[in-house]
Amino acid sequence: MKKKLFYFFVLMTIFCFTVSCVKQKSFFSDATYARQVKSDFEKRKLLVTQKRAAALFSVFDRPDLKQEEKEALEFLYAYMPLCDLSDYDGEFFLSQVRAAFEARDFFDWGKKIPESIFRHFVLVYRINNENLDSSRTAFFNELKDRVKGMTMEQAALEVNHWCHEKVNYRGTDGRTSAPLALIRTSWGRCGEESTFTTTAMRAVGIPARQCYTPRWAHTDDNHAWVEVWIDGEWHFLGACEPEPQLDVAWFTAPAKRAMMVHTNVIGLYDGPEAKTVNKSLYSTINLLSNYTETRDVNVKVVDAAGNPVKNAKVAFNVYNYAEYYPIVEATTDSTGSAAIQSGLGDLLIWASKDGVFGYAVSSPANKITTVVLSKKEGDTFEDVYELTPPADQKVTSPSSELAAENGRRLQYEDSLRKAYMNTFIGEQEARNFAEKLNFNPDDTWKYLNAAQGNWHEIQKFIEKNKANADLFPFLSAVSDKDLRDTPEQILTDHLSTARKFGIKAGTPEDIVPRNVISPRISTELIRAWRTFFHSEFDANIAPHVQNHVEEIVNYVKNEIKIDDSQNYYNCPVSPRGVYEMKIADKRSRDIFFVALCRSAGIAARLNPAAGRPQYYDGEWKNAEFMDNVQKVFPQATVSFVSAKENVIKPQYSTHYSLARFQDGNFVTLHLRGDNEKISIDAGYYRLITGSRANDGSVTVTNKYFEIKENQTLNLEIKMPDVINKVQVLGIIDMNTKVTLTGGTEKSLKEISNGKGVMLCFADPDKEPTKHILQDLPAQLNELDAWNGGVLFLIPDDKLSSAFDSKVFKNLPKNTLWGTDAKRSLLNEAVSVLKLNFNDDFPLTLFLSDNGGILYSLQGYKIGIGENIVKTIKSQKQCSQ
C-alpha cells in the first residue's frame, strides 16, 4: 500500500511539474529581448492614471491567464499607441492575444512562422489608424474551414477572394472604419480595404502588413495595399482585389514609379529592412526595394558660410496635390548630413533650423544634394522648378487563361456582394417611412440611403427622436461615414442631451447644429462622450463656464499633459479617454476641448483652414493652451483669380495651394472655394502653382510673400507652361460601331458629335477605373461646353453584375456606356499604339473627329480629366 502511495505521489508530482511547465511556456525565446519588453511594460504602466488602471490591468489577475498570454499582453501594452491605452480594456486585448494563438495552433503554417514575424505581423491587432473591433475572432470563425488544409500561398489568395466578396473600392473620407463596419457598408477606400485585408490575413495566422506609398510622384493621391509573409518571403497583393497569383496587381506599374513604400511596425523590431523612423515604441521600415530600383539620397545642410549644420530638420518631399509632401523626415548629424533610400526620381529637399530655411532639388544624377540655410521669414522671392518622377516600366501579367478564370470568379463574388447590398432600404420604402412620420421624403431617403448597411440603426434613430426639432439639422451635421457606422444609441446620446444646459447666450442659431449639437469634431470615431461629461459636471458648472470659457481653456491647459510621441498612429484619443488618462497628443487634446465646450452648450470647433481649436464668444476665438499667446490672430483676406491665359480653370489642392510659415516650414491651409474671399491669419506665406505633364513630370512656381493684417490680396493663379505639343499617336477608324448599354449600336463618328471622343476602356471592378469616374466631375463644365462624346467601354470578359454606373454622379452630359465584345476595339487600339498592355486598365484615349489618337494613358493617374481638357484646348489652338 505504501509503495502504491509512493508511486501515486511521484506521478502527481510529475503531472504537476508538467502542468507548471506548460503554464510557464514563454512567449519570448530571447531572454534579453524579454527583459527589455518587461522593462518597457513597467515604464508604460506609469503613464496610466488610476481611472484607467483597473480597466487595463485587472486582466493580469485572471487565474486562467497563461504565461505566454501574460507576456504577449505585456508586449502589446509596452508599445501600443496611446489611443489604445486610453480607449480599450484588458479583456479586449486578451481576446486579441488568444485569437492570435488559436490561429497559430489551428493552421499548419503557424508552426513555421518565426517568433519575430509572428510577434509583429500576426499578434498585433492594430493595422493603422482604424477603429478597433472584434473582427479578428469573427473572421477566424468564418474563414478557418475555408482555408484549412491549403498551403500558405493558396490560403492568402483565398482570403483575398473572401475579402472581395465582402468589400469593394469606393472613395470616402479619411477616417478609417473598423473592419466589421466596412463589411456592413460593403465598400471603402484603399486604406480601409488594406486594413480590412491585413486583419483577415492575421486572423488566420498569415503574417501580413499594410504597405503605403505616402504620395505618388507621377500623379496625385497615394495608395495602400498588403504584403503577406509566405514560406519565408514577403509578397504583395491588392486588398480586396484578388488576382490568380501573388505579386500581381493593377498598381504593379505605378509602384515601380514610387519614391517610397513603407509600413509601421509596433514594438522593438529587428528585421532586415532599413528604418526611416526608429522610435522606442515603433519603427517605420522602407520597403521600396521590394518593388523597384532605388538610389541613396544624400543631403548636406550648410549655413550661409558653408559650415555644416547639426540637428537641422530635413524633409524629403514629392510634389502631390499642389504641395510638397514629406515622404520621410530626418535630422542632420554632426556633419550636417542626412540620407534615405528612395526611387529614381526628383525630390524637393527642405531643411530648416532656428527659423532659417533652404531647399534644393535632388535628382538621380546628384551624389550629394547641398541645401544652404540662407532664407528667413519675410523674404520675398519667386522661383520655378521642374520635378521628374521615375520613368514608367513594363510589367508582366498572368496568362489569359488564369485571368479569365479569375474574372469569372470575381463576377460571382460581385454577385454575392450585390445580393447583400440589395437588402439595404429602397427609395420607396424610405419615402413610405417618411410619410408615416410626416417628414420630408427627400431628406429621409437621403440619410437612409447614405447609411447603407447601417440603415436599420439610422431608421431607428429617426423614429426614436422624431419629436426632436434638432433631428434633421443634426443629421446634416454628421458625415456620411458617421451614418454608415454609428449605432443609434450613440447618436441619441448626443441629440437627446445636446441642449441640457441650454445654448450660450448670443450664439447664432445657424452655427448651433454643426458646432454645438453635432458630435462630429475631426476624424475621431463618434462615441457617447456627452452624457459622460454631463455626469461629471456639477449642475451649476455649465451655466457658469458659458460666460467664462477661459476656465475650460485653463482646465485643459493645466490638466492634460501633451505627448505627441505616444500616439504615433494618429488615431485620435476619445474625449473620455483624454479626460481619464490626462495625457494626449495635441490633436486629441483639441478634440477634447471642443467636446467639453459642446457638452456645456458652447459653440466650438476646429478651425476648418488652420485646424486650431476655437470657441464662439461674439466671434470665433482661438483656444490657446500656451501662456502669452494671443487668442485672436490678426486677420487678412485673400481671393484667387485665374489668369486669362490658363488653358484650364485651376483648382485648389489640385493646381495650387497656400501655406503659412510655422516652425521653420510651410503648413498648407485647407481651403474651400476657389473664387471666394477667404479670411486667413496674417503672416508669411508660400503660394505653389503646378502644371503636370502627361509623363507625370510637374513644373512648379513657388512665390514667397507676407500678408499683413487687414490686407486684402487678390492672388493670380497662372499655370506654369509645360511644353507638351499635340501629336497624333495613331489612327482609329471612326466608322467602327460599338454596342451601347441597352443594345443599340452607334459609330464612334456619331458619338463624337463632330468634336471628338474621350474613350475609356474600363475594368469596373478595379480601383483605377473608379478614380477616373470620380475625377471627371472636376472638369464637368469644360467637358459639357466642349460637347463631344465620352464613352466608357467595358470588355465583355470584365462585365460585373455588381457595377452600377449610376453611383457615379455628375459625369459629362454626353457620357455613354457600352460593351467591347471580345475586346475587338481595345485590341485595335493596343495594336495601333504598340502598347504592352497586360490588362493595365483603364486605357484612356482622346480621339479627334477624324480618328487621330491625340492622347493615350494606360493605368492609374489622377487628373486624366484635366489632361483631356488640355488636349481638347490644345487641339483647338493648333487648328486655328
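The values are calculated or read from the model by the stated rules, or taken from the named source; none is laboratory data. All of these numbers come straight from a predicted model, not from anything done at the bench. So basically every Cβ, Gly included, is an ideal-geometry build from the backbone, and we count neighbours across all protein chains shown. All accessible areas refer to the heavy atoms of the entire protein, side chains included, with ligands and DNA or RNA removed. Shrake-Rupley method; radii C 1.70, N 1.55, O 1.52, S 1.80 Å.
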Per the Kirkwood definition applied to all pairs of different Cα atoms, how many angstroms is the hydrodynamic radius of the stretch 723-880? 15.5
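Exceeding 29 Å between C-alpha atoms, which entries from my cross-link table qualify? They are 464/582; 313/703; 649/703; 436/481; 275/766; 112/418. Working shown, then result.
Numbers: 464/582 35 Å; 313/703 22 Å; 649/703 19 Å; 436/481 26 Å; 275/766 32 Å; 112/418 38 Å.
With Cα atoms farther than 29 Å apart: 464/582; 275/766; 112/418.
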Restricting to aspartates and glutamates and to Cα separations under 18 Å from residue 376, and discarding same-chain partners fewer than 8 apart, the set is 303, 354, 663, 706
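With r defined as the distance between the Cβ atoms of residue 54 and residue 653 and R0 fixed at 56 Å, what FRET efficiency is calculated, to the nearest 0.05? Let's see the in-between values first.
Working: r = 46 Å, r/R0 = 0.82.
Plugging the Cβ-Cβ distance into 1/(1 + (r/R0)^6) gives 0.75.
Ignoring ligands, DNA and RNA, what percent of the accessible area of the stretch 570-619 is carbon or sulfur (1.4 Å)? Write down the numbers at each step before the final one.
Working: 530 of 1300 Å².
Whole-percent figure for carbon plus sulfur exposure: 41.
If you build the convex hull over the alpha carbons only and average its shadow over all orientations, what do you get for the chain? Give it in nm² to one decimal.
On the way: hull surface 173.4 nm².
Mean projected area of the Cα convex hull: 43.3 nm².
Residue 106 to residue 711: FRET efficiency via 1/(1 + (r/R0)^6), r the Cβ-Cβ distance, R0 45 Å, to the nearest 0.05?
Numbers: r = 67 Å, r/R0 = 1.50.
My answer for the efficiency is 0.10.
Arrange the peptides 295-305, 62-72 so that the one whose residues have, on average, the most other Cβ atoms within 10 Å appears first.
Answer by packing, highest mean first, reads 295-305, 62-72.
Work out, step by step, the length gained on full extension between residue 672 and residue 427: first 0.36 nm times the residue separation, then minus their alpha carbon distance; give nm to one decimal. Could you put the intermediate results ahead of the total?
Values: separation 245, 0.36 × 245 = 88.20 nm, distance 3.16 nm.
Length difference between fully extended and current span is 85.0 nm.
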Please sort 495-504, 107-116, 375-384, 863-872 by packing, taking for each peptide the average over its residues of neighbouring beta carbons within 10 angstrom, highest first. 863-872, 495-504, 107-116, 375-384
Order the peptides 657-664, 271-278, 96-103, 761-768 from the highest to the lowest mean number of other Cβ atoms within 10 Å of their residues. 761-768, 96-103, 657-664, 271-278
Need the full-extension length gain, residue 399 to residue 298, defined as separation in residues times 0.36 nm minus the C-alpha distance. One decimal, nm. 32.2 nm
PRE reach from residue 142 (point 7 Å along Cα→Cβ): which of the stretch 225-242 fall under 17 Å by backbone N? 239-242
Note to self: C-alpha centroids of the stretch 116-136 and the stretch 530-576 sit apart, in Å, by 30
The answer for the chain, accessible area per residue at 1.4 Å probe in Å², is 42
Where the centroid of each part is defined by its Cα atoms, how far is the stretch 806-880 from the stretch 393-468 in Å? 30
From the C-alpha coordinates alone, can you work out the Kirkwood hydrodynamic radius of the stretch 419-506, in Å? 13.5
In nanometres, what is the gap between the two model label sites at residue 544 and residue 645, each 7 Å from Cα along Cα-to-Cβ? 6.6
Simple spin-label model, 7 Å along Cα-to-Cβ: residue 476 to residue 626 in nm? 3.8
Give, in nm to one decimal, the length gained when the segment between residue 750 and residue 736 is fully stretched (0.36 nm per residue of separation minus the Cα-Cα distance). 4.0 nm
Could you give the dipole magnitude of the stretch 562-654 about its Cα centre, charging the beta-carbon of Lys and Arg +1 and that of Asp and Glu -1, in debye to the nearest 20? 260
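Which whole-number percent gives the relative contact order of the chain, counting Cα pairs below 8 Å spaced six or more residues apart?
Working: 1711 pairs, mean separation 84.6, N = 880.
That works out to 10 percent.
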